1. Pairs under 8 Å by beta carbon, first residue in contact (Cβ under 8 Å) with a residue 60 or more places away in the chain in the range 109-138, partner aromatic (Phe, Trp, Tyr), six or more apart or different chains?
2. Go through the range 140-158 and count every residue that is over 14 Å from the mean Cα position of the chain (by Cα) and farther than 14 Å from residue 7 by Cβ.
3. Residue by residue through the range 77-107, note down the ones that are within 28 Å of residue 53 (Cβ to Cβ), away from the ligand (no atom under 16 Å from the Cβ) and not hydrophobic (A, V, I, L, M, F, W, C).
4. Picking from 64, 41, which residue would you name as being within 19 Å of residue 181 (Cβ to Cβ) and more than 15 Å from the ligand (Cβ to nearest atom)?
5. Got a number for residues in the range 154-190 being assigned to a helix (DSSP H, G or I), among the small types (Gly, Ala, Ser) and within 16 Å of the ligand (Cβ to nearest atom)?
6. Against the conditions (1) more than 12 Å from the ligand (Cβ to nearest atom); (2) surrounded by fewer than 20 Cβ atoms within 10 Å (Cβ to Cβ); (3) over 16 Å from residue 68 (Cα atoms); (4) modelled with pLDDT of 95 or more, where does residue 16 fall short? Just the number, please.
7. Specify the residue that is nearest to residue 23 (Cα to Cα); the eligible residues are those in the range 65-81 that are in contact with a strand residue (DSSP E or B) (Cβ under 8 Å, 6 or more places away or on another chain) and surrounded by fewer than 20 Cβ atoms within 10 Å (Cβ to Cβ).
8. Filter the range 44-55 for residues that are part of a loop (DSSP other than H, G, I, E, B), surrounded by fewer than 20 Cβ atoms within 10 Å (Cβ to Cβ) and away from the ligand (no atom under 16 Å from the Cβ) and give the result.
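The values are calculated or read from the model by the stated rules, or taken from the named source; none is laboratory data. Given the structure is predicted, the values throughout are model-derived calculations rather than measurements. Don't worry about glycine lacking a Cβ; one is built from the backbone with ideal geometry, like all the others, and counts go over all protein chains shown.
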Amino acid sequence: MKPFKICIDAGHYGKYNHSPAVDDYYESDMNWKLHLMLKEELEKYGAQVITTRENQETDKPLFERGAMSEGCDLFLSIHSNAVGDDVNEDVDYPISIVQLHGKGDELGLKIAKCVAELMGTRQEGTIKNRRGENGEYYGVLRGAAAVNTLGIIIEHSFHTNTRSTLWLLNDDNLKKTAKAEAKLIAEYFGLIS
Ligand SMILES: [Zn+2]
């Protein structure tokens, strides 16, 4: 059997998307930490893991990052979400952004629900897709689609929400998230039974 191969993308570079709720939090920092933890956990299941960037300081265009997943079974882009520019304590849920063809709906929903349970968010985990002028609206998903890779963006709830932002600032919580996501992916792709 050919080994399972995944491309993990840390959303954004440098210090990007500062939380209006918790001063210490930058989305780009969380994305970077979590994507490396997820890499480590997936490798424990024998997965071949590539990442889209060598360091946090360097940007790479969205489409290119998605297209780096050529030959992979899955492309996963790691994020936290925002609603507007201000603190919003009501909106609090993980969401998987899946591709238009629907093949990622099941896995996307599983991941979102798993993250909702871990984080204890106010609303349930859910999925959505979005069509743009040239197919997928989101560049990374368009890039992944161009090389026929199943692509999912996972938003780990909202960094406009104080409770969720504080939760994401805790490295133990990120480790738990990486372990849970890796297990779910390993189960989904048959790396474990
Ligand atoms: Zn983001």
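1. Sorted first by the residue in the range 109-138, then by its partner, the pairs are 110/188.
2. Of the residues in that region, 1 qualify.
3. 99, 101, 103, 104, 105
4. The conditions single out 41.
5. Count: 1.
6. Just one mismatch for residue 16, condition (1).
7. Ranking the candidates gives 73 first.
8. 45, 46, 54, 55
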